[in-house]
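Input: a single structure, listed below in structure tokens.
The values are calculated or read from the model by the stated rules, or taken from the named source; none is laboratory data. The model shown is predicted, which means the values in this text are computed figures rather than measured ones. With ideal geometry, Cβ positions are generated from the backbone for all residues, glycine too; neighbour counts draw on all protein chains shown. Heads up: the accessible areas ignore ligands, DNA and RNA and are worked out on the full protein's heavy atoms, side chains in. Shrake-Rupley method; radii C 1.70, N 1.55, O 1.52, S 1.80 Å.
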Amino acid sequence: MPRLIVLLCVLALSSVSLSSVSLGQEADGDADKDGSRFAASLIEGLIANNESLHAYSLAYTSKFESNRPGARRVQDQKVRCYHDPDSERTIVARRTMSNQFDSAGEMKTYDGIFLIEMVRNRQAMMTDSQGKRRIHVPDQKPLSMSIRLPFFHTLGFHAFPDNASSTFNREFWKTQAVSQEGMSSSLINNQSALVRQTFEKDGVPTVKYEWTFDLESLCPTQRKSYYFNAELKKFVFKELEKITWKNFNGIQLPVAIHDENSQVAIEPGSGKRLNFTQQTETNFLWLSVGKPMASDEPAPDQLATLDTIARWIDSGLGEVSDGKTAR
């Protein structure tokens, strides 16, 4: 990560901000330029940090809640992943437990487990309630999308897990950092800085992002997104993401992510717009990062049945499996 570049930009931004008080408008242009450069350096640093993650073993829990009118849903997931590019072995095991409530308050419950294991030449095996079988992974489809491998390259730019085309998103933000177009920044205090990115189409604002960067870790502790409401002629809040980071072998990685976003549903019949929120809490347990993971690599008998898969997931979280899985 270009930490030295960021620190130099901090000093430059502080200097120009002070100079603008006495030099007037001429210094304002310098401040804008330094603010854009500072913002871009932080974005570039975040991208470099995320791309430093290669091999890892982790487990995480995620709780999703949606209060959509007439279709409230609560979903809990337990996930364990093993990813080793050197051996070309990737394993994703996921247990999903959800309750969905209709407008009458009736509840539907789902409890399911599945595992996907990929080895060399994009050969993959899936195990779920239908048994174990070989599946085809298209060459043109990103690995993260094919086997639902958690994608960390766009961490801090998109809500985890990134459901969009992650490769495209990563390249998009790289391009933005180079161009610095629409970017600005300001120091909040000695510990943090605010970075803004505003997008326009044909001169009309469309969306805006705001990050609060911690200047020690050089990672964003908060990200907000807004969309421009043409009727109100102002930006309206869309999403808030808060991230707690921890240093693992020189890489800043998340240990907790809180995400909440505003949604709109159309009421059947009346066509009335109903606002509701969705919220996700994710907590990570990193078992190993960027080093040989022989002790974390599962043996074949740990992945043979749904019950053994459930125990493998729970052991990664430090839990004892109840041994009851969906069939």
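With Val255, Val178, Val195 as the choices, which residue is out of contact with any helix residue (DSSP H, G or I) (no Cβ under 9 Å at 6 or more places or on another chain) and either in contact (Cβ under 8 Å) with a residue 24 or more places away in the chain or open to solvent by less than 20 Å² (accessible area, probe 1.4 Å) (or both)?
Numbers: Val178 fails: out of contact with any helix residue (DSSP H, G or I) (no Cβ under 9 Å at 6 or more places or on another chain); Val195 fails: out of contact with any helix residue (DSSP H, G or I) (no Cβ under 9 Å at 6 or more places or on another chain).
Val255 is the lone residue from the list that is out of contact with any helix residue (DSSP H, G or I) (no Cβ under 9 Å at 6 or more places or on another chain) and either in contact (Cβ under 8 Å) with a residue 24 or more places away in the chain or open to solvent by less than 20 Å² (accessible area, probe 1.4 Å) (or both).
Please identify the pairs in which a residue from segment 259-282 that is open to solvent by 70 Å² or more (accessible area, probe 1.4 Å) has its Cβ atom under 6 Å from the Cβ atom of a residue that is of a type in the set (Val, Ile, Thr) and modelled with pLDDT of 95 or more, counting only partners at least 6 apart or on another chain.
Correct list of pairs: empty, since none qualify.
Report whether or not Phe248 is in contact with a Phe, Trp or Tyr (Cβ under 8 Å, 6 or more places away or on another chain), over 27 Å from Asp32 (Cβ atoms) and touching a residue at least 24 places away in the same chain (Cβ under 8 Å). Steps first, answer last, please.
Values: in contact with a Phe, Trp or Tyr (Cβ under 8 Å, 6 or more places away or on another chain): yes; over 27 Å from Asp32 (Cβ atoms): yes; touching a residue at least 24 places away in the same chain (Cβ under 8 Å): yes.
Yes: the conditions hold for Phe248.
Considering only residues of segment 283-304 that are among the charged types (D, E, K, R) and surrounded by 14 or more Cβ atoms within 10 Å (Cβ to Cβ), which is farthest from Glu88 (Cα to Cα)? Give the derivation first.
Looking only at segment 283-304, we keep the residues that are among the charged types (D, E, K, R), and these are 291, 296-297, 301.
When the remaining residues are screened for being surrounded by 14 or more Cβ atoms within 10 Å (Cβ to Cβ), the result is 296-297.
On the way: Asp296: 15, Glu297: 12 Å.
Ranking the qualifying residues of segment 283-304, first place goes to Asp296.
Conditions: (1) farther than 21 Å from Phe284 by Cα; (2) open to solvent by 30 Å² or more (accessible area, probe 1.4 Å); (3) under 23 Å from the mean Cα position of the chain (by Cα). Ala230 meets all but one. Number of the miss?
Status for Ala230: all satisfied but (3).
Across segment 33-62, what is the number of residues that are in a helix (DSSP H, G or I) and in contact with a helix residue (DSSP H, G or I) (Cβ under 9 Å, 6 or more places away or on another chain)?
The qualifying residues number 16.
Does Leu4 satisfy being more than 30 Å from Thr308 (Cα to Cα), within 27 Å of the chain's Cα centre (by Cα), modelled with pLDDT of 95 or more and assigned to a helix (DSSP H, G or I)?
Numbers: more than 30 Å from Thr308 (Cα to Cα): yes; within 27 Å of the chain's Cα centre (by Cα): yes; modelled with pLDDT of 95 or more: no; assigned to a helix (DSSP H, G or I): yes.
The answer is no for Leu4.
Being farther than 30 Å from Pro268 by Cβ, assigned to a strand (DSSP E or B), hydrophobic (A, V, I, L, M, F, W, C) and free of Cβ contacts under 8 Å to residues at least 40 places away in the same chain is the filter here, so list the residues in segment 98-140 that pass it. Don't jump to the end; show me each part of the working.
Within segment 98-140, the subset farther than 30 Å from Pro268 by Cβ is 113-140.
Okay, now just the ones that are also assigned to a strand (DSSP E or B), so 113-118, 123-128, 131-136.
Subset that is hydrophobic (A, V, I, L, M, F, W, C): 113-116, 118, 124-126, 135.
The answer is Phe114, Ile116, Met118, Ala124, Met125, Met126, Ile135.
Which residues, taken from segment 81-97, are open to solvent by 20 Å² or more (accessible area, probe 1.4 Å), part of a strand (DSSP E or B) and in contact (Cβ under 8 Å) with a residue 24 or more places away in the chain?
His83, Asp84, Arg89
Among all residue pairs at least 6 apart or on different chains, which show Cβ distances below 7 Å where the first residue, located in segment 200-218, is under 17 Å from Glu44 (Cβ atoms) and the second is hydroxyl-bearing (Ser, Thr, Tyr) and surrounded by 14 or more Cβ atoms within 10 Å (Cβ to Cβ)?
Pairs that qualify, where the first residue is under 17 Å from Glu44 (Cβ atoms) and the partner is hydroxyl-bearing (Ser, Thr, Tyr) and surrounded by 14 or more Cβ atoms within 10 Å (Cβ to Cβ), are Tyr209/Ser225; Phe213/Ser192; Asp214/Ser192; Asp214/Thr221; Leu215/Ser192.
Consider segment 36-74. How many of its residues are of a type in the set (S, T, N, Q), open to solvent by less than 50 Å² (accessible area, probe 1.4 Å) and more than 30 Å from Arg122 (Cα to Cα)? Please lay out each step first, then the result.
First pass over segment 36-74, keeping only residues of a type in the set (S, T, N, Q): 36, 41, 49-50, 52, 57, 61-62, 66-67.
Next cut, open to solvent by less than 50 Å² (accessible area, probe 1.4 Å) only: 36, 41, 49-50, 57, 61-62, 66.
With more than 30 Å from Arg122 (Cα to Cα) added as a condition, the list becomes 36, 41, 66.
Result for segment 36-74: 3.
Within segment 169-199, take every residue that is in a helix (DSSP H, G or I) and basic (Lys, Arg) and give me the one that is modelled with the lowest pLDDT.
The selected residue is Arg170.
Out of segment 200-219, which residues are surrounded by fewer than 15 Cβ atoms within 10 Å (Cβ to Cβ) and in a strand (DSSP E or B)?
Residues satisfying the conditions are Glu200, Lys201, Val204, Thr206.
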